[in-house]
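The values are calculated or read from the model by the stated rules, or taken from the named source; none is laboratory data. Note that the structure is predicted; figures quoted are calculated from it, not measured. So basically every Cβ, Gly included, is an ideal-geometry build from the backbone, and we count neighbours across all protein chains shown. Side chains are part of the model used for accessible areas, which takes the heavy atoms of the whole protein and leaves out ligands, DNA and RNA. Shrake-Rupley method; radii C 1.70, N 1.55, O 1.52, S 1.80 Å.
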Amino acid sequence: MYLVANIDQSICAATSCKLCTQYCPEANTIQYDNEAGKDKGFKYGAAYVAVDRCKGCAQCVWVCDNMAKHHAIKMEMIDQIGDAALTENITYHDKNTKAVLASPLKG
Ligand code: SF4
Ligand code: SF4
């Protein structure tokens with residue numbers, strides 16, 4: 001087991017700053033979905049993490065805590081995350097990116 005970044009969409013979608021997406025050192029790992037959370041009444045979309053690409057450096061946590069001051073990201077054990085976006089389940093469209101959330105990862 002290992003730690004990966006997990007974003008609280010209810011916090012993120014209240015601000016939509018997108019700062020973390022600019023600082024993750026791993027390409028295509030923190031992504032942004034304009035529609036995430038809209039069905040729950042959130043004002044904006046939200047960032048999410050493709051957990052199979054996350055190397056656990058926690059840089060995004062520092063950015064969200066200290067630069068954005070939103071405290072929306074926590075490092076969590078990968079098998080403890082309820083819903084996780086996986087690269088193979090992320091589909092790309094012409095002008096936006098959509099995550100299809102997989103069931104909890106095990107093992
Ligand atoms: S820095 Fe925090 S609030 Fe901003 S987009 Fe990333 S997770 Fe959301
Ligand atoms: S922990 Fe590091 S690799 Fe993982 S999403 Fe955050 S910045 Fe990217």
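Of the peptides 23-29, 50-56, the ranking by mean beta-carbon count within 10 Å, highest at the top, reads 50-56, 23-29.
Compute the Cα gyration tensor for region 45-92, then decide on rounded, prolate or oblate, letting a ≥ b ≥ c be the square roots of its eigenvalues: rounded whenever a/c is under 1.5, prolate when a/b is larger than b/c in the other cases, and oblate in all that remain.
Numbers: a/c = 2.00, a/b = 1.54, b/c = 1.30.
Prolate, because a/c is 1.5 or more and a/b exceeds b/c.
Semi-axes of the equivalent ellipsoid for region 3-102, computed as √(5λ) from the eigenvalues of its C-alpha gyration tensor and ordered from largest down, come to 18, 17, 13 Å.
Given +1 at the Cβ of Lys and Arg, -1 at the Cβ of Asp and Glu and no other charges, the dipole of the chain around its Cα centre is 260 debye to the nearest 20. Taking the DSSP bridge list for the chain and keeping only pairs wholly inside it, about 95 percent are antiparallel. Estimated purely from DSSP H runs of n ≥ 4, each contributing -39500 (n - 2.57), the mean residue ellipticity at 222 nm for the chain is -1000 deg cm²/dmol once divided by its residues. The portion of the accessible surface of the chain made up by carbon and sulfur, rounded to a whole percent, is 49 (1.4 Å probe; DNA, RNA and ligands excluded). Per residue, region 3-102 exposes 55 Å² of accessible surface when a 1.4 Å probe is rolled over the protein heavy atoms with every protein chain present. Among the cysteines of the chain, 12, 17, 24, 54, 57, 64 have no other cysteine beta carbon within less than 4.7 Å of their own.
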